[in-house]
Structure formats: structure tokens, C-alpha cells
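All remarks here apply to the structure that follows.
The values are calculated or read from the model by the stated rules, or taken from the named source; none is laboratory data. Every value quoted in this text rests on a predicted model; they were computed, and no experiment measured them. Don't worry about glycine lacking a Cβ; one is built from the backbone with ideal geometry, like all the others, and counts go over all protein chains shown. Surface areas here come from the heavy atoms of the whole protein model, side chains and all, with no ligands, DNA or RNA. Shrake-Rupley method; radii C 1.70, N 1.55, O 1.52, S 1.80 Å.
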Amino acid sequence: MSRSQTFIDDSFAQEGELAGLWAMGARRLLLLGGIGLILTGMFFGDIFAVYTLHQNAARVGAHLEAAANAALSGSRAVALANFKDVGSFLENRGTKVDTHVHMIDFGYLALLLAILQPWVGLAESSKRKIAWTFLVGAWLLPVGVYLIHYVGLARSPLKAIGWASIAADFGGLLVLLATLVYLIGLAMHSRGGGASRSDELLGDRSLEGRMLFAGGLALILLGFSHGSYYAAADLYRHEAQDYTLLAQMSAGAAAGARVVVNDALAGYGQLQGAKAVNIAAHAHSIEFGLLAIMMAFFQPYVSLRAAWKRGWAAVLLIGSLMLPVCVLLEMKFGLVAGGLADFGGLLVIFALLAMWIGILRYTGDLDAAVGMRSALGVRQ
């Protein structure tokens, strides 16, 4: 660490006058930890989609069909066994999806808290401890959720909650408490008459930053537009079809019409797939738009050449658009569109990883420049 950086840290960090990115500061911890959570959650989601999601859905459909046929044949034990397997498959899928979603959402929250650090009215040492508490909880919850399916109630002190669920709940409590303390810090700064503070380090608007801002807004608008269209054109029709197909299954089972039941099951599976891809495309477009906007704030901290920074910003936006669009096309083009969607996710992962490495390489040049200007202003 340079002498100028040491001077800045000692002079400004404890008073919170400069929310820079010095080593082990609260902002750096939240920024690197948040991107790490998003990267891990996205990578896990890609692996889950390729190796588990589609296979799991096929097993659920097959066992539902087997259960229906067993019920038609009067085989109660076989029907119950198949329904039990369906429950196990759904729990497996649910815990994996929850792990993926919680990691990414906690990553977004960490980035938001990193942006707000200059306006948290607490000492830097306190903010750093709270950041560690947040990150511990943000990792503990999804890991605990992931283990629920495998650990179950083994050696649990409670009848209905296993150790994995207890660990996940404790992680959620840590995140909740840390976020609450940061909110209290924001209120303390606001009510304590703190000086109006502008964060010069987030005021930079380079080309790559503008690209990410504009692209992020476009992705959010695209996601909102698709969600509005789906709600207006297809949502109520899909809900009506849902009821109709379930009624056909019940009527067919009562009449012993195996063909009717199987056709209704196949239609129900197609309907659920159509609903899933529309919701996923809507959600991913908005989430990636938010990610692009938040990463735009931190481009000055990405210690890479300007051409590389612009290139990785473009890769992130291309992948962010490719994934939801290809997810939407999965019902028509099947595995080809699914593979392209996974590739779009990989592009986002590679771009985020490159930015994470650039932030890790950051040596504090911007902090030093801003800090020296602040010091000179104080001395004058």
C-alpha cells in the first residue's frame, strides 16, 4: 500500500468522510462479496439447468403419469409410491432453485449496500464488521437451503425442522440484522445533520458505465413490457386452461378413461412449461437490467484497460439479452434454445468474473486522488 493511500485510510476511514475501496474496507468487502455471490448463484443455476432441471421435470411428469395410471388400475400402493417420488423430486428442485435465487438476490443487496456506504453514519470499523456479518449470513442461508434435501431431519432437536433449515434461518437472521443496522446508520446520518456528501468515486461516467446504464434500463423496460403483454394476452387464458385440464384429469379418472387422463397430463405439462418460460424471461430480463445498472456505478474500480472494460460491458449486455430471449423460445425450439440460453448465462458469468478480477486488482488510485483533494481542501 502506498504512503498516500495509508494517509487517506488513517485520516478519513474512521470518520466515514471517504467511502473508498481500500483493502478490507466495508465497500470493498460488500462489492467483492456481492459479485462473488452472484457469480456462484449464476454458475450453480447454469449447472442445475443443464444437469438437473430438465431431467427432474421429465421424472416428475413420468411419475405423475404412472400415479394416474395406477389410480385408474386401482393400485393404491403404486399410486402413493409415485406421488411420494414426485414430492421428493419437487423438493429437490425447490431447494436448488431457492439456493440459486437467494445467492443472486443477496448479491444484489450487497451491491446496493456498497453503493450506500458513504451515507451510513457509522465508523468504518463498525461498517466493516457489519459487512462481514452480512456476508456470513448471505452464504450460510443458501448453503443451508441446498442441504435441506440431503440432511432432512437427521439428529435434529426439532420434530419438523432439520439442522440445515436451522442453519439457513440463522443465516437469514444475520442478513436481516446487518441490513437493519445499515438502515439505522443511514437514518443516523440523515437525522444527525451530517454534511451533504457526494461520492466522487461513483460520479464517474465513462463509456462503459454509460453502456451499462443504458443497457440495463433497456433490459428492465423489455422485461416490464413482456410481463405486461403476458399478463394481458396469456395469463388469464393459461389459468383457465389450468382449471380445465385438472377437471379433465378428474373426470377421466372417474370414468376410467386412460387416454383422456394421459392427454390431459401431457397438456398440463405443456401449459406449466409455457407459464414457466414466460415468467423466467420476464424475471431474468429485469434482474440482469438491475445488475448492469449497479455494475455501472463501480466501473471506475475495475482495474482493466479501457478497451477491455468496454468489451466486458458489451459481453455482459449481450448475455443478459440472450438468456431471457432464448428462454422464451424454449417451447418452440426446445434444447437448441435452452442451450443458447445457458450460453448467454455463461457470457454474463465471464463478464462478471472479469470485472471481479479487475476490482480485486484495483490499487486505490481513485481513492488516493479524491483523498488528496479532500485533504488539501481541509488544509486550506
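The table for this structure:
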{"item": "Rounded accessible area of D105 (nearest 10 Å², 1.4 Å probe)", "result": "70"}
{"item": "Solvent exposure ordering (accessible area, 1.4 Å, most first) of Y236, Y108, Y150", "result": "Y236, Y150, Y108"}
{"item": "Sequence of W308, W356 when ordered by accessible area, the most exposed leading, probe 1.4 angstrom", "result": "W308, W356"}
{"item": "The range 252-342, Cα convex hull volume normalised per residue, Å³", "result": "98"}
{"item": "By accessible area with a 1.4 Å probe, ligands and nucleic acids excluded, highest first: order of L347, L221", "result": "L221, L347"}
{"item": "Flagged links, alpha-carbon separation over 32 Å, of K96/K159; K129/K275; K159/K275; K127/K159", "result": "K129/K275; K159/K275; K127/K159"}
{"item": "Kirkwood Rh and Cα Rg combined as Rg/Rh, the range 209-375", "result": "1.22"}
{"item": "Tensor-based shape of the range 282-328 (alpha-carbon gyration tensor, a/c under 1.5 rounded, otherwise prolate or oblate)", "result": "oblate"}
{"item": "Estimated FRET transfer efficiency (D234, L173; beta-carbon r; R0 56 Å; 0.05)", "result": "0.90"}
{"item": "Rounded accessible area of V327 (nearest 10 Å², 1.4 Å probe)", "result": "20"}
